[in-house]
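Quick notes on the structure that follows.
The values are calculated or read from the model by the stated rules, or taken from the named source; none is laboratory data. Because the structure is predicted, anything quoted here is derived from the model rather than measured. Virtual Cβ from ideal backbone geometry, glycine too; neighbours counted across all protein chains shown.
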Amino acid sequence: MSLARKLLIGKGVPEPSFLGYHNDAVDRTVYTFASVSICRNIVVVVSHGDGAIASTSSLTVDGEAISLVVADTEAGGFTRLEMWSGVVTTGNATGNIVVTFANGENYCNIAVIDLGDVDSTTAEATDVEETDNTAMTAANSAYGAGVGAAMVNSSSATCIWTGDLTDQGDAGASEGALSVAIGTKVAAGTLTATANMSTSTQFNSILATFR
């Protein structure tokens, strides 16, 4: 980030970066993703599915709990997509991410994002959408960071993102595919993100902005 940009707004500019996808296709109640890349201001996206879908009971990063930002259970009740965020104080570059469910799930995908120099890991605004290729919108401050995620109940699906965020590719495990997009929007206003999956089977998507 340039000095000019810092002087322009008087504080750091969030420049989120993608740290990776991880998946586990085994039926479990507790999923441990060991020794993955982590950061201080972190977002973890969780996608999972089962015939009796469960909310995540807790999510820890390097032993520290982070908080739920936004979530959506697809109308049919087979898939759920969640975004969690928080500050990890351990200072480690790698650590375990542990996702615990109320009951066993068929699979779990996660995506890990470094929010960069945000003032807070509490979201400014959120949105959810269960119709494929339909825009989500969320209010953003100047130089605000955005994180979007989408999933379907098909492990081979791919996603194309349009709008204000940059596509970070796709990951799949068992029945489910996950895709995320991230970015920074310079002007205050409304951040827009649209996920277009190659199949719309039990689609859901979520969006959050941070500053």
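So which strands (runs of 3 or more DSSP E) are wholly in region 122-211 and hold at least 2 residues that are surrounded by fewer than 21 Cβ atoms within 10 Å (Cβ to Cβ), in contact with an Asp or Glu (Cβ under 8 Å, 6 or more places away or on another chain) and of a type in the set (S, T, N, Q)?
On the way: elements: 125-129, 136-140, 144-152, 159-163, 166-173, 176-185, 189-197, 204-210.
Result: 189-197.
What number of residues within region 62-95 are surrounded by 15 or more Cβ atoms within 10 Å (Cβ to Cβ), farther than 16 Å from residue 180 by Cβ and in contact (Cβ under 8 Å) with a residue 60 or more places away in the chain?
So the answer is 4.
Please list, ordered by residue number, the strands (runs of 3 or more DSSP E) wholly in region 8-115 having 1 or more residues that are over 26 Å from residue 203 (Cβ atoms), touching a strand residue (DSSP E or B) at 6+ places or on another chain (Cβ under 9 Å) and modelled with pLDDT under 95. Reasoning before the result, please.
Working: elements: 17-24, 28-37, 41-49, 56-61, 67-73, 79-87, 94-105, 107-114.
Counting at least 1 such residues, we get no strands (runs of 3 or more DSSP E) at all.
In the set 56, 32, which member is among the β-branched types (Val, Ile, Thr), within 18 Å of the chain's Cα centre (by Cα) and surrounded by fewer than 17 Cβ atoms within 10 Å (Cβ to Cβ)?
Working: 56 fails: surrounded by fewer than 17 Cβ atoms within 10 Å (Cβ to Cβ).
When all the criteria are applied, what remains is 32.
Name the pairs: first residue in region 165-186 and more than 26 Å from residue 50 (Cβ to Cβ), second residue at pLDDT 95 or above and of a type in the set (S, T, N, Q), Cβ to Cβ under 6 Å, at least 6 apart or on different chains?
Between residues of region 165-186 that are more than 26 Å from residue 50 (Cβ to Cβ) and residues that are at pLDDT 95 or above and of a type in the set (S, T, N, Q), the close pairs are 183/166; 185/140.
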